[in-house]
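Have a look at this one before I ask anything.
The values are calculated or read from the model by the stated rules, or taken from the named source; none is laboratory data. Note that the coordinates shown come from a computational prediction; the quantities given were computed from them, not determined experimentally. Cβ placement follows ideal geometry from the backbone for every residue including glycine, while neighbour counts extend to all protein chains displayed. Calculation scope for accessible area: heavy atoms of the full protein, side chains included, ligands and nucleic acids excluded. Shrake-Rupley method; radii C 1.70, N 1.55, O 1.52, S 1.80 Å.
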Amino acid sequence: MLFIALAKFKTKLDKEVVSQNLKDIEEDTKGQVRYLNIYWTLGRYDTVVLFEAPDEKVAMNVALKRMDRMDIETLVAVPADEQHPFGPV
């Protein structure tokens, strides 16, 4: 399954926070998560992450392990060419 995570850091971004996030990403990729893209963004969110996980439980764990550092909104993403209410795009 494909997921989009929209994240806002709760504290000032520093070397320790970045280091912990990199550690979490490395840990995730040893398991069932595959990161496709990570973007720094301007505006409402600090970062947008596109990742694959086998199911919603695994995706939820990705967010829960970071909840002390970030507010994260996770969305299930369905590619437009796979599903559209009016047929193929």
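Table: residues versus (1) outside any strand (DSSP E or B); (2) open to solvent by less than 70 Å² (accessible area, probe 1.4 Å).
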residue	(1), (2)
GLU27	yes, no
TYR45	yes, yes
VAL49	no, yes
VAL62	yes, yes
ASP81	yes, no
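What number of residues within segment 33-62 satisfy the criterion of being closer than 19 Å to VAL78 by Cβ and either touching a Leu at 6+ places or on another chain (Cβ under 7 Å) or in contact (Cβ under 8 Å) with a residue 12 or more places away in the chain (or both)?
Taking segment 33-62 and keeping what is closer than 19 Å to VAL78 by Cβ, we get 33-37, 48-60, 62.
Then drop every residue that is not either touching a Leu at 6+ places or on another chain (Cβ under 7 Å) or in contact (Cβ under 8 Å) with a residue 12 or more places away in the chain (or both), which leaves 33-37, 48-56, 58-60, 62.
Selection size over segment 33-62: 18.
Before we move on, is ASP81 acidic (Asp, Glu) and either touching a Ser or Thr at 6+ places or on another chain (Cβ under 6 Å) or touching a residue at least 40 places away in the same chain (Cβ under 8 Å) (or both)? It would help to see each step written out before you state the result.
Numbers: acidic (Asp, Glu): yes; either touching a Ser or Thr at 6+ places or on another chain (Cβ under 6 Å) or touching a residue at least 40 places away in the same chain (Cβ under 8 Å) (or both): no.
Considered against the rule, which asks whether it is acidic (Asp, Glu) and either touching a Ser or Thr at 6+ places or on another chain (Cβ under 6 Å) or touching a residue at least 40 places away in the same chain (Cβ under 8 Å) (or both), ASP81 comes out as no.
If TYR39 satisfies every condition in (1) under 19 Å from LYS8 (Cβ atoms); (2) loosely packed, with under 13 Cβ neighbours inside 10 Å; (3) modelled with pLDDT under 95 but one, which is the exception?
Condition (3) is where TYR39 drops out.
Which one of these does LYS12 not meet: (1) exposed (fewer than 13 other Cβ atoms within 10 Å of the Cβ); (2) part of a helix (DSSP H, G or I)?
So LYS12 meets the others, but not (2).
Quick one: in segment 66-77, of everything that is open to solvent by 70 Å² or more (accessible area, probe 1.4 Å) and not hydrophobic (A, V, I, L, M, F, W, C), which residue is farthest from VAL18 (Cα to Cα)?
The selected residue is GLU73.
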